[in-house]
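**Q** Once you've had a glance at the structure underneath, I'll fire off some questions.
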Amino acid sequence: MRHIPNILSSLRLILLPVFLYFALQGQFLPAGILITIISLTDLLDGYLARRNNWISQVGKVLDPLADKLTQISVIIVFFIHLPQYRWIFWILLGKEAVMLAGAGLLMYLGVKLPGAAMWGKVATALFYVTAVLVLLFPQLPSPLVTTLFIASAVTAVVSVTLYVPQYIRYRRDAAR
């Protein structure tokens, strides 16, 4: 039973190419359904891991890897299909690049990373809600879509701004 969160994270990685196939073909309904499933399995695996203390070192790598690959994939899909928002997608990609670089460096140094902080979870949740709504309801009014994307970008910037000092502390502590 304790492997269920890792199985769910693996399922997200398996569903991701299928999502990309549909999304890049402009088939937004199946892509939206898949991103909904991916989002819900992300929520469920984190809940089960914390609630049942099924946290593992594999899960600490697999879950954020699935998150980052999913978010980057969705951003790329939106970058292609919604060019009017590219400036927002550059912000979101920048956040993901900083997070990947910071986590990668810390892992390379042998620092055991704690789970995601609340602000990171909020940024991820808002991003997923935005992705689901935009994919499932392509006729949403432009001002609403713009507001959702800007809110995602703002929470991403806040998140990375709060994570960077934390990563620096972890790095400093590891050097001691």
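Residue by residue, here is whether (1) at negative phi; (2) of a type in the set (Phe, Trp, Tyr); (3) surrounded by 15 or more Cβ atoms within 10 Å (Cβ to Cβ) holds:
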{"site": "Leu93", "(1), (2), (3)": "yes, no, yes"}
{"site": "Gly102", "(1), (2), (3)": "yes, no, yes"}
{"site": "Pro138", "(1), (2), (3)": "yes, no, no"}
{"site": "Phe149", "(1), (2), (3)": "yes, yes, yes"}
{"site": "Thr155", "(1), (2), (3)": "yes, no, yes"}
{"site": "Ile168", "(1), (2), (3)": "yes, no, no"}
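**Q** Using the structure shown, decide if Asp63 is assigned to a helix (DSSP H, G or I), in contact (Cβ under 8 Å) with a residue 24 or more places away in the chain and more than 30 Å from Arg176 (Cα to Cα).
**A** no
**Q** Name every residue in region 84-121 that is part of a loop (DSSP other than H, G, I, E, B) and either among the aliphatic types (A, V, I, L, M) or touching a strand residue (DSSP E or B) at 6+ places or on another chain (Cβ under 9 Å) (or both), in order of residue number.
**A** Leu109, Val111, Leu113, Ala116, Ala117
**Q** Determine which single condition Tyr85 fails, assuming it passes every other condition in (1) in contact with a Pro (Cβ under 6 Å, 6 or more places away or on another chain); (2) crowded, with 18+ Cβ neighbours inside 10 Å; (3) over 30 Å from Arg176 (Cβ atoms).
**A** Looking at each condition in turn, Tyr85 falls short on (1).
**Q** Return the total of residues in region 61-70 being within 14 Å of Ala103 (Cβ to Cβ) and surrounded by 19 or more Cβ atoms within 10 Å (Cβ to Cβ).
**A** Residues that pass the stated criteria total 5.
**Q** Here is a follow-up. Can you find even one residue in region 15-24 that is more than 22 Å from Lys121 (Cα to Cα), among the hydroxyl-bearing types (Ser, Thr, Tyr) and modelled with pLDDT of 95 or more?
**A** yes
**Q** State whether the residues of region 35-42 include one that is touching a Phe, Trp or Tyr at 6+ places or on another chain (Cβ under 8 Å), in contact (Cβ under 8 Å) with a residue 24 or more places away in the chain and β-branched (Val, Ile, Thr).
**A** Within region 35-42, one or more residues are touching a Phe, Trp or Tyr at 6+ places or on another chain (Cβ under 8 Å), in contact (Cβ under 8 Å) with a residue 24 or more places away in the chain and β-branched (Val, Ile, Thr).
**Q** Provide a single number: the residues in region 146-164 that are without any contact (Cβ under 8 Å) to a residue 40 or more places away in the chain and either touching a strand residue (DSSP E or B) at 6+ places or on another chain (Cβ under 7 Å) or more than 27 Å from Ala101 (Cβ to Cβ) (or both).
**A** Here is the first cut: in region 146-164, the ones without any contact (Cβ under 8 Å) to a residue 40 or more places away in the chain are 147-148, 151, 154-155, 158, 161.
Subset that is either touching a strand residue (DSSP E or B) at 6+ places or on another chain (Cβ under 7 Å) or more than 27 Å from Ala101 (Cβ to Cβ) (or both): 147.
So the answer is 1.
**Q** For Ile55, work out the one condition from (1) within 29 Å of Phe149 (Cβ to Cβ); (2) surrounded by 14 or more Cβ atoms within 10 Å (Cβ to Cβ); (3) hydrophobic (A, V, I, L, M, F, W, C) it doesn't fulfil.
**A** Going through (1) within 29 Å of Phe149 (Cβ to Cβ); (2) surrounded by 14 or more Cβ atoms within 10 Å (Cβ to Cβ); (3) hydrophobic (A, V, I, L, M, F, W, C) one by one, Ile55 breaks only (1).
**Q** Would you point out the residue of region 21-34, among those that are surrounded by fewer than 17 Cβ atoms within 10 Å (Cβ to Cβ) and touching a residue at least 40 places away in the same chain (Cβ under 8 Å), that is nearest to the chain's Cα centre (by Cα)?
**A** Restricting to residues being surrounded by fewer than 17 Cβ atoms within 10 Å (Cβ to Cβ) and touching a residue at least 40 places away in the same chain (Cβ under 8 Å), the top hit is Ile33.
**Q** Here's a follow-up. Could you count how many residues in region 90-128 are of a type in the set (Lys, Arg) and more than 13 Å from the chain's Cα centre (by Cα)?
**A** Selection size over region 90-128: 1.
**Q** While we're here: Say whether the condition of being crowded, with 16+ Cβ neighbours inside 10 Å and either among the polar types (S, T, N, Q) or in contact with a strand residue (DSSP E or B) (Cβ under 7 Å, 6 or more places away or on another chain) (or both) is met by at least one residue in region 127-136.
**A** Yes, region 127-136 has at least one match.
The values are calculated or read from the model by the stated rules, or taken from the named source; none is laboratory data. Because the structure is predicted, anything quoted here is derived from the model rather than measured. Every residue, glycine among them, receives a Cβ derived from its backbone with ideal geometry; neighbour counts consider all protein chains shown.
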